[in-house]
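Student: My structure is below; once you've seen it, I'll send some questions.
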Amino acid sequence: MSEITIVPMNADNFDAAKKMMERSFATTLEDFPKNRDTKDHDHDLPSIDGILEKPEETPLLFYQEGKMVGGAVLILNSDNNNILSLLFVDPTCFDKGIGYRAWREIETRYPRTKTWTTETPPILMKNVTFYVNKCGFHIINVKDPKSDDPMYVFQKIMKQ
């Protein structure tokens, strides 16, 4: 397996990253149960529009063998309790370990992190399994459990 390289997202690679992220999340909608209407959820998909102008966010891209294969958006806080706002992988690279290896690179890149927090809807069991079974996160909260769109809140406490 070849290494994952992390580079900052910038104006030169933004358009390609945006298209990849949109394809990734559109593909993820296919994981919704067949009896659940997802056409109204297109507007709920994450967006990275304006991300380069947000100093509080750190947009990153993942490359493997010179090819963009995914990305992430982090919020790095002064208290080192950091947030993974977004993680995406090129759908042509799903189930090849890219997301996990990229996540491990992020952990290595930010060794002072005390905790990482992220969210995903429970209906996306593939994401839940990735965060819990692969990356070592724990579910610490369920936001809006009675709504049509609850969210699992995950946290990973890092060893110092």
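Student: Assuming a strict under-19 Å limit between Cα atoms, what lysine pair count do you get for the chain once near-sequence pairs (fewer than 8 apart, same chain) are dropped?
Tutor: 17
Student: Whole-Å semi-axes of the chain's equivalent ellipsoid, largest first, each the root of 5 times a Cα gyration tensor eigenvalue?
Tutor: Values: eigenvalues 105, 82, 51 Å².
After diagonalising the Cα gyration tensor, the semi-axes are 23, 20, 16 Å.
Student: Ok, one more. How big is the stretch 60-153 in terms of Cα radius of gyration and Dmax, in angstroms?
Tutor: When restricted to the Cα atoms of the stretch 60-153, Rg and Dmax are 13.8, 44 Å.
Student: Count the DSSP beta bridges whose two residues both fall in the chain, then state the antiparallel fraction as a percent rounded to the nearest 5.
Tutor: Values: 28 of 31 bridges.
Within the chain, antiparallel bridges account for around 90 percent of the total.
Student: Here's a follow-up. Under the rule of -39500 (n - 2.57) per DSSP H run of 4 or more residues, summed and divided by the residues of the chain, what mean residue ellipticity at 222 nm is obtained, to the nearest 500 deg cm²/dmol?
Tutor: Working: 3 runs with 33 residues, N = 160.
That calculation yields -6000 deg cm²/dmol at 222 nm.
Student: Can you give me the distance in nm between label points at Lys143 and Asn77, each placed 7 Å from the Cα along the Cα-to-Cβ direction?
Tutor: It works out to 1.3 nm between the two label points.
Student: How do Ser47, Ser85, Ser24 rank when sorted from fewest to most other Cβ atoms within 10 Å of their own Cβ? It would help to have the intermediate numbers written out before the result.
Tutor: Values: Ser47 12, Ser85 18, Ser24 23.
Ascending number of Cβ neighbours within 10 Å: Ser47, Ser85, Ser24.
No value in this document is a laboratory result; all are computed from the given coordinates. Small disclaimer: the values here were computed from a predicted structure and weren't measured. Here Cβ is always computed from backbone atoms with ideal geometry, including for glycine, and neighbour counts include all displayed protein chains.
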